[in-house]
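Scroll down for the structure; my scribbles are underneath it.
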Amino acid sequence: MPDNVALKPVIPAPLPAAALYRRCDPAGFGFQTTADLEPLDGAPGQARAMEAMRFGLAIRREGYNLFAIGPEGTGKRTAIDQFTRQRAAKEPAPQDWIYVNNFTEPHKPRALALPPGRGALLRGDMRGLIEDLRAALPAAFESEDYQARRRTIDGSFKERQEQAFRQVERGARQRNVGIIRTPMGIALAPMRNGEVLPPDEFQKVSETERQRIQEDMNVVHGELEAVLQQVPRWDSERRDKIRDLNREVTRSAIGYRLDVLSRRYADLPNVVSHLKVVERDLIENAEQFLAAQMVEPSIRAGARTVSEGSPFDRYQINLLIDRAENSGAPVVEENHPTIQNLLGRVEYRHQFGNLVTDFTLIRPGALHRANGGYLLLDARRVLLQPFAWEELKRTLRAGEIQIRSMADTLGLISTMTLQPEPIPINTKIVLTGDRLLYYMLAELDPDFQELFKVAADFDDEMDRSADSEMIYARLLASIAKRENILPLDRSAVARVIEHAARLAGDAEKVTMRIETVADLLREADHLAREAGRTTIDAAEIQRAIDLQIRRASRLRERIHDEIRRGTILIDTAGGQVGQVNGLSVLHLGGFAFGRPSRISARIRLGRGQVVDIEREAKLGGPIHSKGVMILSGFLGGRFGRDRPLALQASLVFEQSYGGVEGDSASMAELCAILSALAAIPIRQEIAITGSVNQNGDAQPISGVNEKVEGFFDVCQAAGLTGRQGVVIPVSNVKHLMLRRDVVEAAAEGRFWIHAVANIDEAMAVLTGIEPGTREATGQYPAGTVNQRVEAELGSLAERAKAFGTIGRKDTPQ
């Protein structure tokens with residue numbers, strides 16, 4: 001058969017319209033509106049994740065915290081919140097935690113655990129005790145009994161002192177020495193006849209008499225000195241007796257009240273022990289309270305609170321965590337996980353121009369509030385906060401919450417500050433994040449797997465079946481009830497399910513990105529209310545979808561307009577050798593659309609290389625480069641077994657000025673190379689997508705719906721002729737959920753989609769020529785695509801042989 005005679009190709013039949021879109025039949029639902037449905041409880045389609053949640057929350061072992069994996073918008077946070085709250089409601093409320101003064105080391109406040117609700121009671125009781133003491137202590141010290149006993153002690157001291165002085169004075173008089181008390185102190189002077197001897201008279205006495213007088217004065221001075229030395233000891237004894245009296249009076253004033261408190265908290269040894277320390281400190285410092293009572297009126301006059309300087313502050317209770325209102329375990333979500341918000345902090349206040357603090361200014365963090373329950377955190381937010389991730393890990397490893405300032409963590413200051421006693425932690429941490437973040441932490445952080453041993457993987461898709469569609473309808477009912485959205489009728493539910501399959505990019509799946517679906521319902525509800533409707537039907541759902549696309553499609557329309565005007569070169573008619581319409585997808589701001597691209601190939605004599613111009617220009621990504629390299633493997637495997645390939649093929653995306661990534665154009669690129677080798681034109685009214693392996697098999701790609709629709713829009717703008725269409729891998733048929741106008745055009749024969757299994761079927765569609773199968777003789781039938789390709793490769797090899805230098809490194813140049 002002559003080379004220019006082609007066999008009639010076996011071209012795969014176009015896909016029927018029913019294969020391009022899987023409808024959801026509203027008649028299959030047994031309800032009228034979602035108001036008739038019971039809202040869904042739980043997370044549909046997330047059985048694996050919920051099993052992991054149950055396991056992770058139930059096991060009480062070190063390191064079994066959870067990481068909930070999944071993309072944003074899948075409802076994992078809502079599901080986790082609901083699940084943990086349901087579980088927490090069945091668990092007992094954890095302990096209260098209080099901080100009290102450490103009277104031995106005030107900079108290290110003590111932490112005490114109390115049964116739920118008892119912390120607030122103890123705080124109230126201590127406040128009552130302090131108020132009682134403010135009145136009881138002054139009253140006790142102002143009583144007649146105390147004053148009489150105090151006067152007795154003071155009088156005894158005074159009498160003892162006076163008696164000693166009188167005795168010295170009697171001895172002095174016997175020696176004619178006078179003791180004179182002056183403002184400057186006590187002085188001695190000689191006396192005669194009971195009168196102080198004037199200085200001039202003293203000078204007239206004999207030397208012997210003056211010596212005697214001086215000796216007598218020295219004796220008196222010694223006796224007086226001995227008495228004066230005893231006075232401090234006697235005063236110390238007086239103070240000791242007063243102190244003992246004060247303690248006795250204080251003990252009498254506070255004893256009954258503290259005994260009542262001790263009996264009230266007899267079941268809490270740590271509280272009883274603290275009350276004993278309080279009693280001991282009150283007794284030891286009673287005099288301070290008396291002095292404070294005298295100062296407080298002036299403090300109030302200065303517009304300061306008593307708590308800023310009152311010695312009674314040391315007996316207050318800092319109720320860090322109060323579980324009085326809790327009926328179960330706490331569930332805490334921290335949206336701003338800084339170190340202080342996680343671990344707590346110590347606050348300061350201004351006092352006389354200085355920053356001061358004490359144990360009453362200790363504030364709890366999320367870990368304190370969630371202690372005994374569950375703490376929900378966004379992993380990305382934790383990692384973005386300086387040192388928060390490391391401090392969270394340190395807390396989990398240590399098993400206790402240590403409140404530390406950022407400056408202390410960084411070692412920036414050396415001044416003493418509060419060091420609150422650590423609190424044991426018993427909290428389940430539930431982190432949420434996407435899969436990339438989870439796998440990066442697992443790979444790069446050696447502590448991660450030890451501390452977060454349970455992964456709850458939330459899927460973003462659910463299998464589509466009659467049963468799952470009914471479950472999805474109940475999910476929509478739940479969203480409508482939660483968001484106060486008008487009920488959806490059956491047609492609206494069916495349209496949402498169809499759109500959910502489109503969002504999943506798979507006719508056999510529905511998306512579980514619940515937030516995206518909820519947004520659609522909110523917008524449809526707005527449109528329905530504007531129209532005065534009481535329910536939402538399919539028309540409102542479709543209009544909401546159209547408006548979403550309208551808001552995001554400016555760039556798509558601009559590209560299509562440039563194609564229509566000829567600025568971007570895309571042919572939709574005729575045939576060209578080595579030129580094919582490939583299809584790509586652009587993702588911009590959550591909106592994806594298909595864009596046709598012209599791919600061209602050129603062939604020349606070479607050494608069996610396929611040159612990727614995108615890679616050479618550093619615009620091609622590694623996956624795209626891999627796809628191009630696979631083409632060399634296919635060409636060598638099919639046509640280079642008996643002789644070397646002596647070609648060099650160059651491939652390029654025409655008018656591409658950005659990066660190119662992905663292998664979804666590899667089948668189109670291979671078709672362009674085969675067309676260039678065989679000199680067979682490719683029909684330009686056809687676009688093709690799909691990747692190819694070294695055996696020439698068509699492999700599935702992503703974004704098939706957007707790609708088909710992108711070429712359809714270009715063809716529609718140029719005018720549909722009935723010959724235009726798209727070639728896709730047969731494995732992508734199950735992913736088709738095309739727009740209604742595309743399906744209608746296919747049903748009417750104005751546009752069509754072919755599904756191919758390999759490169760030969762693709763070439764048959766693109767060229768209209770039989771690709772050809774190698775016969776028993778080892779040759780391809782004459783006129784077929786493969787025969788022409790092989791003939792051209794043979795010709796190139798002969799020409800290369802004629803040159804004699806190609807491929808030989810030892811040939812002289």
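The values are calculated or read from the model by the stated rules, or taken from the named source; none is laboratory data. Keep in mind that this is a model prediction, so the values were computed, not measured. Neighbour counts are summed over all protein chains in view; Cβ atoms, including those assigned to glycine, are modelled from backbone coordinates with ideal geometry. Areas reflect the complete protein model, heavy atoms only, side chains present, ligands, DNA and RNA absent. Shrake-Rupley method; radii C 1.70, N 1.55, O 1.52, S 1.80 Å.
Odds and ends about this structure:
- Segment 372-391: number of residues that are within 24 Å of Ile59 (Cα to Cα) and open to solvent by less than 10 Å² (accessible area, probe 1.4 Å): 5
- Criterion: crowded, with 17+ Cβ neighbours inside 10 Å and assigned to a strand (DSSP E or B) - qualifying residue of Val726, Val714: Val726
- Conditions (1) open to solvent by 60 Å² or more (accessible area, probe 1.4 Å); (2) over 40 Å from the mean Cα position of the chain (by Cα): number failed by Phe634: (1)
- Applying a threshold of 6 Å to beta carbon distances and a minimum spacing of six or more residues, or different chains, the list of pairs starting in segment 781-805 at a residue that is more than 16 Å from Gly606 (Cα to Cα) and ending at one that is of a type in the set (Ser, Thr, Tyr) reads Asn786/Tyr780; Gln787/Tyr780.
- Any hit, segment 730-752, residues being open to solvent by less than 10 Å² (accessible area, probe 1.4 Å) and aromatic (Phe, Trp, Tyr): yes
- Asp561 meets the conditions (1) open to solvent by 50 Å² or more (accessible area, probe 1.4 Å); (2) in a helix (DSSP H, G or I) in every case but one. The failed one is (1).
- Sole residue being part of a helix (DSSP H, G or I), modelled with pLDDT of 90 or more and open to solvent by 10 Å² or more (accessible area, probe 1.4 Å), chosen from Ala52, Ala88: Ala52
- Scanning segment 339-381 for residues that are farther than 19 Å from Gln419 by Cα and among the hydroxyl-bearing types (Ser, Thr, Tyr) turns up just one, Tyr374.
- Pair list, Cβ under 7 Å, 6 or more apart: segment 236-248 residue within 22 Å of Ala136 (Cα to Cα), other residue open to solvent by less than 60 Å² (accessible area, probe 1.4 Å) and assigned to a helix (DSSP H, G or I): Lys241/Ile153; Ile242/Ile153; Leu245/Ile153; Asn246/Ala286; Arg247/Ile283; Arg247/Ala286
- Filter result for Leu112 (closer than 30 Å to Glu284 by Cβ, open to solvent by less than 50 Å² (accessible area, probe 1.4 Å) and in a strand (DSSP E or B)): yes
- Residues of segment 716-747 that are under 18 Å from Gly582 (Cα atoms), among the aliphatic types (A, V, I, L, M) and in contact with a Gly (Cβ under 8 Å, 6 or more places away or on another chain): Val727, Ile728.
- When residues of segment 637-650 are limited to those that are closer than 20 Å to Asp697 by Cβ and either small (Gly, Ala, Ser) or modelled with pLDDT of 85 or more (or both), the one most open to solvent (accessible area, probe 1.4 Å): Arg638
- Count of residues meeting criterion [out of contact with any helix residue (DSSP H, G or I) (no Cβ under 6 Å at 6 or more places or on another chain) and of a type in the set (Lys, Arg)] in segment 614-647: 4
- Long-range neighbours under 7 Å by Cβ, at least six apart or interchain, first residue at pLDDT below 70 within segment 202-217, second of a type outside the set (Ser, Thr, Tyr): Phe202/Pro190
- Looking only at segment 316-362, and only at residues there that are within 17 Å of Asn101 (Cβ to Cβ), open to solvent by 50 Å² or more (accessible area, probe 1.4 Å) and of a type in the set (D, E, K, R), the one that is modelled with the lowest pLDDT: Arg349
- Residues (open to solvent by less than 30 Å² (accessible area, probe 1.4 Å) and within 23 Å of Ala79 (Cα to Cα)) located in segment 441-468: Leu451, Phe452, Val454, Ala456, Phe458, Met462, Arg464, Ser468
Yes/no matrix, rows are residues, columns are (1) part of a strand (DSSP E or B); (2) closer than 14 Å to Ala480 by Cα; (3) among the small types (Gly, Ala, Ser); (4) over 35 Å from the mean Cα position of the chain (by Cα):
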site: Asp506; (1), (2), (3), (4): no, no, no, no
site: Val510; (1), (2), (3), (4): yes, no, no, no
site: Val517; (1), (2), (3), (4): no, yes, no, no
site: Arg522; (1), (2), (3), (4): no, yes, no, no
site: Asp525; (1), (2), (3), (4): no, yes, no, no
site: Arg533; (1), (2), (3), (4): no, no, no, yes
site: Ile541; (1), (2), (3), (4): no, yes, no, no
site: Leu547; (1), (2), (3), (4): no, no, no, no
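- In the set Ala504, Ala544, Ala480, Ala500, only one residue is within 29 Å of Gly70 (Cα to Cα), surrounded by 19 or more Cβ atoms within 10 Å (Cβ to Cβ) and touching a Leu at 6+ places or on another chain (Cβ under 6 Å); that residue is Ala544.
- Residue pairs whose Cβ atoms lie under 6 Å apart, sitting 6 or more positions apart in sequence or on different chains, and linking a residue in segment 123-150 that is in contact (Cβ under 8 Å) with a residue 40 or more places away in the chain to a partner that is small (Gly, Ala, Ser), are Ala136/Ala253; Leu137/Ala253; Ala140/Ala253.
- Scanning segment 619-631 for residues that are farther than 11 Å from Glu661 by Cα and open to solvent by 60 Å² or more (accessible area, probe 1.4 Å) turns up just one, Met629.
- All conditions but one from (1) assigned to a strand (DSSP E or B); (2) in contact with a Ser or Thr (Cβ under 9 Å, 6 or more places away or on another chain); (3) at pLDDT below 90 apply to Ser656; the one that does not is (1).
- Ile80 being in contact with a helix residue (DSSP H, G or I) (Cβ under 6 Å, 6 or more places away or on another chain) and of a type in the set (Val, Ile, Thr): no
- Qualifying residue in segment 34-54 (condition: within 14 Å of Lys428 (Cβ to Cβ), more than 19 Å from the chain's Cα centre (by Cα) and not hydrophobic (A, V, I, L, M, F, W, C)): yes
- Per the listing Ile673, Ile686, Ile682, the residue uniquely closer than 18 Å to Gly594 by Cβ, surrounded by 21 or more Cβ atoms within 10 Å (Cβ to Cβ) and not polar (S, T, N, Q) is Ile686.
- Unique match (being small (Gly, Ala, Ser) and at pLDDT 85 or above) among Ala366, Ala303: Ala366
- For beta carbons closer than 8 Å, sequence separation of 6+ or different chains, a first residue in segment 71-98 that is touching a residue at least 40 places away in the same chain (Cβ under 8 Å) and under 28 Å from Ala504 (Cβ atoms) and a second that is surrounded by fewer than 21 Cβ atoms within 10 Å (Cβ to Cβ) and of a type in the set (Val, Ile, Thr), the qualifying pairs are Gly73/Thr516.
- Candidate set from segment 60-70 (those that are touching a residue at least 24 places away in the same chain (Cβ under 8 Å) and over 15 Å from the mean Cα position of the chain (by Cα)); member that is least open to solvent (accessible area, probe 1.4 Å): Gly63
- The criterion of being at pLDDT below 90, among the aliphatic types (A, V, I, L, M) and part of a helix (DSSP H, G or I) does not hold for Ile673.
Residues are listed down the side, and each one gets a yes or a no for (1) charged (D, E, K, R); (2) touching a Ser or Thr at 6+ places or on another chain (Cβ under 6 Å):
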position: Arg551; (1), (2): yes, no
position: Glu557; (1), (2): yes, no
position: Ile568; (1), (2): no, no
position: Leu583; (1), (2): no, yes
position: Leu588; (1), (2): no, no
